[in-house]
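The values are calculated or read from the model by the stated rules, or taken from the named source; none is laboratory data. Everything numeric here is computed off the predicted structure, so don't read it as measured data. Every residue, glycine as well, gets a Cβ built from its backbone with ideal geometry; the counts of neighbours run over all protein chains shown. SASA here: full protein model, heavy atoms, side chains in, ligands and nucleic acids out. Shrake-Rupley method; radii C 1.70, N 1.55, O 1.52, S 1.80 Å.
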Amino acid sequence: MATAPKEAENAIGLEEIQTEGQEPPKGQKTFTVEEAVETIGFGRFHIALFLIMGSTGVAEAMEIMLIAVVSPLIRCEWQLQDWQVALVTTMVFFGYMVFSIVLGLLADRYGRWKILLLSFLWAAYFSLLASFAPSYIWFVFLRAMVGGGVSGHAQGLIIKTEFLPTKYRGYMLPLSQVFWLAGSLLIIGLASVVNPTIGWRWLIRIASIPGILLILVFKFIPESARYNVSTGNVAAALATLQRIAETNGAQMPEGVLREPAKERRGRFKDLLHPKYLRTTLQIWIIWLGIAFAYYGVILASAELLERDLVCGSAAPPVKDPGDDSEESHSPCHCHLFGPAAYQTMIISTVGEIALNPLNILGINFLGRRLSLCITMGCTALFFLLLNICTSSAGTTGFLFMLRALVSANFNTIYIYTAEVYPTTMRALGMGTSGSLCRVGAMVAPFISQVLMSASFLGALCLFSSVCVVCAISAFTLPIETKGRALQVCN
């Protein structure tokens, strides 16, 4: 996810950090956090960082994917219409959208680690409350609050990005997709066992356990040294770097850590500064479109399996003459998933890691922009291919490829966004992008769960068109971040 002009490379290079108030003593060696991170290199600390911060993806995937596997059950329990089922997912992402900006601002002001911890406590609390929801309205409200908490999980990615040496970011960050895949497979596997036996409320309670366990191990990961330096807390940053060096068995750079001039952090207007305006606007378009496609695929998969919309089938399912239950006459499409449906969901979900090796190669050799352009273009193509009348195996194959491609899109844009903004506004940049991302996610349910029932081809064409727009936006991004050091100051 085209090589950038030389002027752009110069403009986005690591800017010179000025000491506040005075120059260092003549002849005294100094170093920056960036130089320290590169000198210390990759080691045991980064493996622990990858495992702990990467596991935030397990908790996030379980909470986000939860709606896809409980939708048939809440539809039946509360006799919901299509738009009511879609509204549940939309409100989850509405909560995510609102709190993405708020938590991004707070993270740039008060620290990534604190906001990450707060978000996990918040999400776990409201997720447990949602399992006791007495009505549909309460369930919608509580799941929206869960979405607000989950929005802060992105701070885990920022912490990873700010501790990783430059040459490892393009490899390690895409591998984090393994954790999202694990969470997705885990919730589907649990749903196949828990839903038919003890019910969806227990599934929600069990799904909150990974997030609660992660809270206990966050203490092993320190606050970002880049963040501490950007706030003037050089002592804390130095202590963190020395700890990492000891853990890795490496040496610190010679000299003293330079403190940058203190600046106001996390200002929204900085994202719209002429230096970043075009980049920001195009990133927002891409995030919105990727989320629209990603969650569209997930929810469309569930709808295809629940209602058998493949091949333009408009005929109602053949009813058992002896089945005269209230459920058989329900206008709310009360059809629960069977073993085959869960199996198809698992197979298509595995697709999320299928293109990871190629995605990593593309990111590191073609660059972020071109790699994203290619995968978005292929996503548009496979949305259209999904309309081909084929066997259930063929449909599963198309869904498998779509999940692989939309996952690759997310990998690339996550890395690009974390790299393109300086430390003083990185969390805000991720937060606002995540917020726009949820606008796409909020719209997706009404296309996948409402429009798709009325016009299968129309829904697919809409998804495909949005992907084409994103591919063009990715190709024309003004900055390429491949191989570039992270900026500290704006």
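Key figures for this structure:
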item	result
Extension reserve of the residue 392-residue 78 stretch, reckoned as 0.36 nm per residue once the Cα distance is removed	110.0 nm
With every protein chain in place, segment 29-262: carbon and sulfur % of accessible area (1.4 Å)	69 percent
Charge dipole magnitude, Cβ of K and R +1, D and E -1 - segment 150-294, Cα centre, debye nearest 20	380 debye
Electrostatic dipole magnitude of segment 340-490 [Cβ: Lys, Arg +1; Asp, Glu -1; Cα centre; debye, to 20]	220 debye
Per-peptide average of other Cβ atoms within 10 Å, ordering 461-469, 242-250 highest first	461-469, 242-250
Magnitude of the charge dipole, segment 29-262, Cβ model with Lys/Arg +1 and Asp/Glu -1, debye to 20	180 debye
Estimated FRET transfer efficiency when R0 is 45 angstrom, pair residue 138-residue 29 (beta carbons, to 0.05)	0.15
Rel. contact order, % - alpha carbon contacts under 8 angstrom, at least six apart, segment 29-262	37 percent
Most positive-pole-ward Cα, 253, 236, 83, against dipole of segment 29-262 from beta carbon charges	236
Amide hydrogen neighbours beyond the local backbone of residue 30, cut-off 5 Å, H modeled	256
Dipole of segment 29-262, positive direction: furthest Cα of 59, 180, 69, with charges on the beta-carbon	59
Efficiency of FRET between residue 254 and residue 361 - r from beta-carbon atoms, R0 41 angstrom, step 0.05	0.65
Accessible surface, per residue, of segment 29-262 when the full set of protein chains is kept, probe 1.4 Å, Å²	36 Å²
Virtual spin-label span in nm between residue 216 and residue 98, 7 Å along Cα→Cβ	3.3 nm
Unsatisfied cross-links (Cα-Cα over 27 Å) in the set 275/482; 160/275; 160/482; 219/269; 167/275; 29/482	219/269; 29/482
For residue 158, net neighbour charge (Lys/Arg +1, Asp/Glu -1) across residues whose Cβ lies under 10 Å away	+2
Calculated log₁₀ intensity ratio I(q)/I(0) where the Debye formula runs over C-alpha points of segment 29-262, q = 0.09, 0.10, 0.14 Å⁻¹	-0.43, -0.52, -0.87
Three-way shape label, segment 84-142, alpha-carbon gyration tensor, a/c 1.5	oblate
In range of the label at residue 336: residues from segment 180-207 whose backbone nitrogen is under 12 Å from the point 7 Å along Cα→Cβ	192-201
Net lengthening on full extension, residue 347/residue 198 (0.36 nm per residue, minus Cα-Cα)	51.2 nm
Calculated P(r) of segment 180-297 - Cα pairs past 21 Å, %	68 percent
Point-to-point label distance, residue 454-residue 239, nm (Cα→Cβ direction, 7 Å offset)	6.0 nm
Peptide ranges 147-160, 53-66, 347-360 listed from the most packed, as the mean C-beta count within 10 angstrom indicates	147-160, 53-66, 347-360
